Amino acid sequence: MFSHATWLSSMVVKVAINGYGTIGKRVADAVDAQDDMEIVGVTKTRPSFGCDLAVRKGYPLYCTYDSEEKIAAFGPAGYDCKGGLSDLLSIADIVVDCSPGKVGAQNKDIYDKAGVRWIFQGGEKHAMTGMSYTSSGNHLENMNVRGTRVVSCNTTGLSRTLVPLLHACGSLSVECTMIRRAADPGDSSKGPINAIKPVLKVPSHHGPDVMTIRPEIDINSLAVAVPTTIMHVHAIVATLPKGHGMTTESVLELWSQQPRIVIMNGAETGITTTAEVMEFSRDIGRKWGDLHEIFVWED
């Protein structure tokens with residue numbers, strides 16, 4: 001992450017986004033909303049409807065590859081492609097890698113050779129970056145590093161609820177089951193459609209990923225994918241140390257003081273399933289119907 005001194009010296013951080021898809025378009029809008037950052041370009045592998053959104057928002061469009069043939073393919077489709085990935089990196093201070101998982105090691109070599117800082121997403125391994133990040137768990141530890149990995153949405157969610165408990169109690173032992181949506185809403189190529197698919201490796205990556213953020217948390221995790229595209233659900237059992245002094249009310253009060261945690265009573269509000277949670281998000285005007293908070297049922 002950039003330190004405050006770096007921001008002051010460069011004034012505006014020039015950000016490249018490699019992969020303008022489900023995650024990339026959300027990152028782009030978040031960066032675009034900052035006064036001290038500028039999007040210098042986003043990449044697509046080939047001409048597609050996602051290019052239209054980038055063009056409408058005024059983001060310079062680049063090709064994920066440096067192949068002249070692939071770059072040239074954008075023109076006949078009606079898009080002004082500014083060049084390949086190397087061209088984009090040459091004008092950037094930092095690249096946010098939003099490409100599909102498991103290609104990070106290859107991309108990291110490209111970024112290092114270009115001399116830019118980098119941020120990867122949770123689809124990559126902690127061992128590749130040596131650092132992992134959530135804003136609620138280890139922000140200060142990531143200051144001034146060459147690059148980092150933002151952990152998955154599920155791991156970020158776990159951190160938001162568990163890290164405050166860790167700080168309040170000093171230690172924490174957790175068993176959790178991640179009930180995961182099968183695919184993103186716009187993804188038509190994944191499943192299951194009529195099955196519940198368990199992650200057969202125990203623990204799932206979520207628990208170990210939490211420990212890359214806060215190794216003091218003793219956590220084991222299981223995961224299953226279910227046929228929905230709405231959102232994930234966390235079923236968590238947290239064992240607090242003896243003499244912790246916490247009550248249900250004090251835990252709820254602790255969470256209510258944290259950023260991005262919403263606590264509601266399902267019986268009183270009628271919000272009793274993920275369908276109502278997401279309808280609530282759409283009703284309050286959230287872009288893409290996203291809910292940026294962890295929704296906790298008080299019941």
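The values are calculated or read from the model by the stated rules, or taken from the named source; none is laboratory data. Note that the structure is predicted; figures quoted are calculated from it, not measured. Cβ atoms come from the backbone with ideal geometry, glycine included; neighbour counts cover every protein chain shown.
Descriptive notes on the structure:
- Yes/no for Val226 being within 25 Å of Leu166 (Cβ to Cβ), β-branched (Val, Ile, Thr), outside the structural domain of Gly122 (by TED's automatic domain parsing) and more than 18 Å from the chain's Cα centre (by Cα): no
- Segment 185-210, residues that are touching a residue at least 40 places away in the same chain (Cβ under 8 Å) and in contact with a Lys or Arg (Cβ under 8 Å, 6 or more places away or on another chain): none
- Members of segment 15-27 found to be in a helix (DSSP H, G or I) and more than 18 Å from Tyr111 (Cβ to Cβ), listed by number: Lys25, Arg26
- The residue list Ile284, Ile236, Ile230 contains one member that is in contact with a Pro (Cβ under 9 Å, 6 or more places away or on another chain) and hydrophobic (A, V, I, L, M, F, W, C), which is Ile230.
- Just one of the listed residues (Thr228, Thr129) is touching a residue at least 12 places away in the same chain (Cβ under 8 Å) and touching a Phe, Trp or Tyr at 6+ places or on another chain (Cβ under 9 Å), and it is Thr129.
- Test for Ser188: is it exposed (fewer than 14 other Cβ atoms within 10 Å of the Cβ) and within 22 Å of the chain's Cα centre (by Cα): yes
- Of all residues in segment 272-299 being charged (D, E, K, R) and in contact with a strand residue (DSSP E or B) (Cβ under 6 Å, 6 or more places away or on another chain), the one that is surrounded by the most Cβ atoms within 10 Å (Cβ to Cβ): Glu293
- Count - residues of segment 251-288 that are in contact (Cβ under 8 Å) with a residue 24 or more places away in the chain, part of a helix (DSSP H, G or I) and touching a helix residue (DSSP H, G or I) at 6+ places or on another chain (Cβ under 8 Å): 6
- Qualifying residue in segment 233-248 (condition: in a helix (DSSP H, G or I), closer than 16 Å to Leu166 by Cα, touching a residue at least 60 places away in the same chain (Cβ under 8 Å) and among the aliphatic types (A, V, I, L, M)): no
- For segment 41-89, residues that are within 21 Å of the chain's Cα centre (by Cα) and not in a loop (DSSP other than H, G, I, E, B) total 7.
- With respect to the conditions (1) farther than 30 Å from Lys201 by Cα; (2) under 27 Å from the mean Cα position of the chain (by Cα), His244 lacks only one, and its number is (2).
- One residue alone among Ile263, Ile271, Ile294 is under 21 Å from the mean Cα position of the chain (by Cα) and β-branched (Val, Ile, Thr), and that residue is Ile294.
- In segment 94-130, the qualifying residues are those that are touching an Asp or Glu at 6+ places or on another chain (Cβ under 9 Å) and acidic (Asp, Glu), and the one that is surrounded by the most Cβ atoms within 10 Å (Cβ to Cβ) is Asp97.
- Given (1) charged (D, E, K, R); (2) in contact with a helix residue (DSSP H, G or I) (Cβ under 7 Å, 6 or more places away or on another chain); (3) under 21 Å from Pro208 (Cα atoms), index of the condition Asp97 fails: (3)
- Residue in segment 29-40 that is nearest to Met11 (Cα to Cα), counting only those that are free of Cβ contacts under 8 Å to residues at least 40 places away in the same chain and outside any helix (DSSP H, G or I): Asp36
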